[in-house]
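Colleague: My questions all concern the structure below.
What follows draws every value from the coordinates through simple rules; no lab data is involved. This one's a predicted model, so the numbers in the text were calculated from it and none came from an experiment. Every residue, glycine among them, receives a Cβ derived from its backbone with ideal geometry; neighbour counts consider all protein chains shown.
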Amino acid sequence: DQIGDAAKKLGDASYDFAKEVDWNNGVFLQAPGSFQPLKALKAIDKMIEMGAAADPELLKKAADAHHKAIGSISGPNGVTSRADWDAVNAALGRVVASVPKQKVMDVYDAVKDITDPKVPAYMKSLVNGADAEKAYQGFLEFKDVVAANQVATASAAATVPTGDKIGTAAKALSDASYPFIKDIDWLSDIYLKPLPGKTAPETLKAIDKMIVMGSKMDGNLLKAAAEAHHKAIGSIDAKGVTSPEDYEAVNAALGRIVASVPKQTVMDVYNSMAKIVDPSVTNNMFSKVNPLDALSAAKGFYTFKDAVEAVQ
Ligand code: CLA
Ligand code: PID
Ligand code: PID
Ligand code: PID
Ligand code: PID
Ligand code: PID
Ligand code: PID
């Protein structure tokens with residue numbers, strides 16, 4: 001296809017730049033400017049809306065392309081192979097082309113809003129500047145091909161199951177865990193702190209397992225889960241907490257996407273996360289909430305998982 005061909009040209013123009021970026025640099029965990037959680041949530045919300053509007057099959061292929069690219073990483077900077085670099089660009093170009101232009105621009109504008117104008121120049125200063133310019137010229141040509149292949153209207157909304165066992169179980173889980181949700185400081189910057197003692201390549205392994213899980217999920221249910229998050233963001237209070245109803249809808253939607261993949265795929269995520277999250281992190285989280293609320297939430301979760309497993 002045209003986007004695939006254009007991605008090869010983009011690769012010619014951008015792979016030198018890709019090799020020069022230190023993908024293992026911890027700086028990428030930081031907010032790209034001053035820490036503004038509610039504005040950042042707005043930017044994430046725009047990404048969620050874009051993800052929800054994207055063609056689910058193309059999203060899965062993009063997830064697969066990322067998984068394959070993680071497998072061909074080499075060198076201290078963590079760069080993927082030239083062929084996989086091109087494949088990721090092609091897959092993302094197709095995802096972008098599957099949503100209306102305005103949804104893409106809304107992400108760009110919202111991210112710009114939380115990015116200090118000095119950040120791009122700083123990023124450029126870490127690589128060969130001429131290679132960054134060459135990559136950007138390549139991107140400008142690539143985007144014209146994407147725009148020429150772009151849909152004009154958004155795809156239909158997801159179909160949301162009703163009256164299913166997971167939906168019923170989600171009500172009980174949400175009742176048991178909403179007090180815990182209200183105890184959590186959602187606007188803290190602690191969630192952007194590095195995981196104690198873990199390197200980027202170690203962390204990437206766990207993210208890879210999530211990518212694999214995402215690529216196996218039922219596309220309609222994943223879209224529904226994204227839509228549920230978008231709705232939930234719309235009902236947050238000043239402390240970032242969504243309404244009980246929207247929280248319940250998120251739990252139901254997430255239970256359904258978990259049930260749409262094999263148990264082992266879920267356990268692979270859990271086990272890889274357990275390897276990188278030190279117990280001190282979990283204990284620290286626990287120390288900041290009412291312990292009875294956390295235990296009630298945990299009990300609810302362990303009951304909920306049986307309803308999920310029953311239809312998995
Ligand atoms: Mg989420 C999970 C935040 C968008 C899909 N997501 C999580 C949690 C964290 C979070 C609260 C990971 C950390 C954790 O496990 O804490 N997501 C979060 C934010 C946003 C977002 C702030 C921004 C909008 N997510 C989002 C989108 C999608 C997902 C758009 C795609 C549709 N997210 C997704 C999945 C999962 C998460 C599939 C998880 O599996 C993970 C999670 O919650 O695992 C348990 C603990 C969890 C909480 C504090 C909230 C849930 C409370 C449960 C139901 C009960 C509590 C149990 C117990 C006390 C703690 C867990 C025990 C542990 C051993 C499992
Ligand atoms: C400017 C001035 C003009 C010239 C110009 C110009 C530049 C415009 C530009 C630009 C626009 C632009 C857009 C970019 C957009 C990037 C979008 C990224 C989206 C990320 C997402 C992430 C996610 C996920 C995911 C799916 C999940 C949801 C999420 C589901 C269902 C200024 C040059 C024209 C770069 C969507 C993918 C996992 C949130 O206009 O004169 O330069 O760049 O998890 O969804 O699972
Ligand atoms: C524009 C203007 C509108 C019209 C429009 C428009 C286009 C927007 C577009 C577009 C946005 C867009 C984005 C693309 C992004 C591509 C990103 C590629 C990333 C590849 C990576 C590969 C890798 C790895 C990996 C992880 C490793 C690092 C690596 C670590 C820690 C402008 C059309 C709407 C194409 C990251 C995965 C292995 C490097 O908006 O008018 O057309 O395209 O090895 O991580 O090691
Ligand atoms: C300039 C002037 C214009 C021309 C121009 C120009 C240059 C702009 C530039 C540039 C922008 C730019 C951006 C870059 C962005 C790189 C982003 C990389 C992200 C990597 C991540 C990696 C990671 C992980 C991971 C998970 C870990 C955290 C991490 C935990 C909990 C100035 C040329 C356009 C290079 C996210 C995945 C392992 C961080 O605009 O005239 O030159 O470069 O370890 O999670 O640990
Ligand atoms: C234990 C001991 C027994 C008792 C027990 C027990 C507990 C087991 C547990 C537990 C398992 C468990 C699993 C959990 C799994 C969470 C999985 C999260 C996945 C997140 C993903 C994120 C993503 C995306 C997304 C889609 C994108 C890709 C990504 C596309 C196509 C120990 C109690 C049984 C909590 C997948 C969603 C946006 C990466 O066994 O005696 O307690 O918890 O962006 O994909 O866009
Ligand atoms: C288990 C054992 C195996 C069998 C199995 C199994 C099950 C795994 C499961 C499962 C995992 C799982 C995960 C679930 C996670 C739910 C998470 C809900 C999060 C809700 C949020 C709501 C909100 C917001 C929002 C953003 C705001 C904050 C809030 C800010 C900054 C165990 C079946 C495989 C259900 C986060 C979105 C508005 C609070 O593995 O043997 O069954 O379920 O307002 O952000 O303000
Ligand atoms: C313990 C002992 C057992 C019993 C038990 C127990 C407790 C475990 C616990 C607990 C785990 C736990 C986890 C919590 C996790 C909360 C996660 C919240 C994530 C929020 C995010 C928000 C955000 C943003 C956002 C984007 C911004 C950055 C942020 C930028 C660039 C010990 C009870 C099981 C509470 C990610 C989205 C706005 C940070 O196990 O016997 O009690 O709690 O602002 O991006 O700015």
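Colleague: If you count, for each residue, the other Cβ atoms within 10 Å and average over each peptide, how do 156-164, 263-271 line up from highest to lowest?
Modeller: 263-271, 156-164
Colleague: Can you tell me how the range 183-312 classifies by the Cα gyration tensor, rounded, prolate or oblate, using a/c under 1.5 as the rounded cut?
Modeller: Values: a/c = 1.42, a/b = 1.03, b/c = 1.37.
Cα axes put the range 183-312 in the rounded bin.
Colleague: Taking H as built 1.01 Å from N, whose amide H comes closer than 5 Å to the amide H of VAL79, not counting residues under 5 places away?
Modeller: Excluding prolines and chain starts, which carry no amide H, the hits are SER74.
Colleague: Further question: Rounded if a/c is under 1.5, else prolate if a/b is larger than b/c, else oblate: which is the range 184-261, with a ≥ b ≥ c the root eigenvalues of its Cα gyration tensor? Mind dumping the intermediate values first?
Modeller: On the way: a/c = 3.02, a/b = 1.13, b/c = 2.68.
Cα axes put the range 184-261 in the oblate bin.
Colleague: Please list, by residue number, everything in the range 175-216 whose backbone N is under 18 Å from a paramagnetic label point 7 Å out along Cα→Cβ of PHE35.
Modeller: Label zone hits: 184-197.
Colleague: So what is the diffusion coefficient of the chain in µm² per second by Stokes-Einstein at 37 °C and 0.692 mPa s, using a Kirkwood Rh over Cα pairs?
Modeller: 154
Colleague: Label-point separation (nm) for ILE190 and GLU57, each offset 7 Å from Cα along Cα-to-Cβ?
Modeller: With each label placed 7 Å out from Cα toward Cβ, I get 4.5 nm.
Colleague: With viscosity set to 1.002 mPa s at 20 °C, what whole-number translational diffusion coefficient in µm²/s follows for the range 221-263 from Stokes-Einstein and a Kirkwood radius over Cα pairs?
Modeller: Translational D for this selection: 202 µm²/s.
Colleague: Please give, to one decimal in nm, the separation of the simple spin-label points placed at LYS299 and ASN284, each 7 Å out from Cα toward the Cβ.
Modeller: In this crude spin-label approximation the distance works out to 2.9 nm.
Colleague: Regarding the range 15-97, what whole-number volume in Å³ per residue does the convex hull of its Cα atoms give?
Modeller: Taking only Cα atoms, the range 15-97 has a hull volume of 110 Å³ per residue.
Colleague: Among ALA110, ALA65, ALA121, which one moves the most in a GNM of the chain with springs linking Cα atoms closer than 10 Å?
Modeller: Top of the fluctuation ranking is ALA121.
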